[in-house]
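As structure tokens, the structure follows; a few thoughts come after it.
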Amino acid sequence: MLLLMGDVLNYGPRNGLPEGLDARGVADALNPMKDEIVAVRGNCDSEVDQMLLQFPIMATYSLLVDEGRKILLTHGHVYNKQTLPPGNFDAVIYGHTHLWELSRITNEGGHSTLICNTGSITFPKGGKEPTFGILDNGTISIRNLDNQVLAEEKI
């Protein structure tokens, strides 16, 4: 399953279009996998982007339940490490800042939540290398494009 944390086709109107950006090509590559994709809306996604895609991208968040673990998937511009929705989640996965992070927070009730910012494959920031996350068997890892594990944590 491919989990997409938003900004699927577009870099947004505030930024110039980088050379080689191919929104149609991205849509054409993703659409054949539509039944294997869970995606959420990023701050740069719009109804026009949705028209190119054959899977939904307009929800602010999605809840994934993996072997009893509650995982909140979101882009990060509405919900993030500092602003979580009500409820206890075992993990919160987002992107938005383009800076990867894998850490834990504990709420006032003592519930521990794994925070995962996957960083960015296309536009990493802060001098960081391109990264992505993998969720496998209750463990989240942050990896670079050579598939080297940069950090790993069990939910």
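For the range 14-155, what does the accessible surface come to per residue with a 1.4 Å probe? Please give it in Å².
Computed with neighbouring chains in place, this is 56 Å² per residue.
For V65 and E153, FRET efficiency with R0 = 22 Å and r from the beta-carbon atoms, rounded to 0.05? Spell out each step's value before the answer.
On the way: r = 19 Å, r/R0 = 0.85.
Computed FRET efficiency for E153 and V65: 0.70.
Sort V40, V78 by accessible area with a 1.4 Å probe, largest first.
Highest to lowest solvent-accessible surface, that is V78, V40.
Can you give me the % of accessible surface on the range 1-106 that is carbon or sulfur? Probe 1.4 Å, all protein chains present, nothing else counted.
Numbers: 3150 of 5940 Å².
After summing per-atom areas, the C and S share lands at 53 percent.
Spelling out what I want: for every residue of the range 107-119, take phi, set θ = phi - 60°, compute 6.51 cos²θ - 1.76 cosθ + 1.60 (Karplus), and round to whole Hz; glycine and proline get x.
With coefficients 6.51, -1.76 and 1.60, one gets 7, 4, x, x, 7, 8, 10, 7, 9, 10, 9, 6, x Hz.
Can you tally the lysine pairs in the chain where the Cα-Cα distance is under 24 Å and the two residues are eight or more apart, or on different chains?
Within the chain, the lysine pair count is 7.
Given that just one value was derived from the coordinates, which of (1) 104; (2) 123; (3) 137 is volume of the Cα convex hull per residue in Å³?
Calculated volume of the Cα convex hull per residue in Å³: the matching label is (2).
Under a crude label model (7 Å from the Cα following the beta-carbon direction), how far is E36 from L21 in nanometres?
It is 2.8 nm.
Taking the simple approach of a point 7 Å from Cα along Cα-to-Cβ for both I134 and L2, what is their distance in nm?
1.7 nm
Taking all protein chains together and a probe of 1.4 Å, list Y61, Y94, Y79 from the most accessible to the least accessible.
Largest accessible area first, the residues go Y61, Y79, Y94.
The values are calculated or read from the model by the stated rules, or taken from the named source; none is laboratory data. Quantities reported herein were computed from a predicted structural model and do not represent experimental measurements. Every residue, glycine as well, gets a Cβ built from its backbone with ideal geometry; the counts of neighbours run over all protein chains shown. Just so you know, the surface numbers come from the protein's heavy atoms only, side chains and all, with ligands and any DNA or RNA stripped out. Shrake-Rupley method; radii C 1.70, N 1.55, O 1.52, S 1.80 Å.
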